[in-house]
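**Q** One structure, as structure tokens, below. Some questions next.
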Amino acid sequence: MNNLTHLDTNGDISMVDVSTKTATTRTATATGQVIFPADIYTAIKNADGMTKKGSITQTAHIAGVMASKRTHELIPLCHQIPLDGVKISFDYGDSHHAITVTATAKVNHKTGVEMEALTAVSVACLTIYDMSKALSHDIVISDIKLLTKTGGKSDYANQ
């Protein structure tokens, strides 16, 4: 378990000490999907994402950005970091009746932003579910994952 950064040598939970690290520009991009029954997907797309509650993607965009800024309050051992930017996009996928959410978080700091990007995607997907659940409960949130990260000790790209 020595490779797990949130455990000390005794196996006790420990927040990583980043005080001696150098601040670098770090980015992370994550993605996830909200998959709908075909008829519900078509209705949402034909309405440009508008429901009685308002715009699905505009609301999810705001929710994702807000969530990324509060990641440290949700994930116990995450550092509070001063995000420089969060970009979120939504793509309709006709072949699989899904809205794909992609979020990129950026910071110049001593620790990475993977959790902020993943949190943005997760909450945006949950918001899409919430905004459309009156149409159907047969909605699946799927494939939330980290795509890339840059900065820090190493870069990463999901193959």
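**Q** On the given criteria, is residue 104 farther than 12 Å from residue 36 by Cα, outside any helix (DSSP H, G or I), at pLDDT 95 or above and among the hydroxyl-bearing types (Ser, Thr, Tyr)? Before the answer, list the steps.
**A** On the way: farther than 12 Å from residue 36 by Cα: yes; outside any helix (DSSP H, G or I): yes; at pLDDT 95 or above: yes; among the hydroxyl-bearing types (Ser, Thr, Tyr): yes.
So residue 104 passes the test.
**Q** Can you name the residue in segment 14-40 that is polar (S, T, N, Q) and assigned to a loop (DSSP other than H, G, I, E, B) and, of all such residues, is modelled with the lowest pLDDT? Before the answer, list the steps.
**A** Narrowing segment 14-40 to residues polar (S, T, N, Q): 14, 19-20, 22, 24-25, 27, 29, 31, 33.
Among the residues that remain, those that are also assigned to a loop (DSSP other than H, G, I, E, B) are: 14, 19-20, 22.
Numbers: 14: 71, 19: 77, 20: 81, 22: 86.
Looking at residues that are polar (S, T, N, Q) and assigned to a loop (DSSP other than H, G, I, E, B), I get 14.
**Q** Looking at (1) surrounded by 15 or more Cβ atoms within 10 Å (Cβ to Cβ); (2) in contact (Cβ under 8 Å) with a residue 60 or more places away in the chain, which one does residue 23 not meet, given that it meets all the others?
**A** (1)
**Q** Which pairs have Cβ atoms under 6 Å, sit 6 or more apart or on different chains, and link a residue in segment 88-105 that is among the acidic types (Asp, Glu) to one that is at pLDDT 95 or above?
**A** Between residues of segment 88-105 that are among the acidic types (Asp, Glu) and residues that are at pLDDT 95 or above, the close pairs are 91/100.
**Q** Give all pairs with beta carbons closer than 6 Å in which a residue from segment 138-153 that is more than 30 Å from residue 23 (Cβ to Cβ) meets a residue that is buried (at least 16 other Cβ atoms within 10 Å of the Cβ) and of a type in the set (Val, Ile, Thr); count only pairs at least 6 apart in sequence or on separate chains.
**A** 140/35; 141/34; 142/35
**Q** Scan segment 106-143 for residues that are surrounded by fewer than 16 Cβ atoms within 10 Å (Cβ to Cβ) and aliphatic (A, V, I, L, M) and report the count.
**A** Adding up the residues that qualify gives 2.
The values are calculated or read from the model by the stated rules, or taken from the named source; none is laboratory data. Note that this is a predicted model, so its numbers are computed, not measured. Using ideal geometry, Cβ is built from the backbone for each residue, glycine included, and neighbour counts are taken over all protein chains shown.
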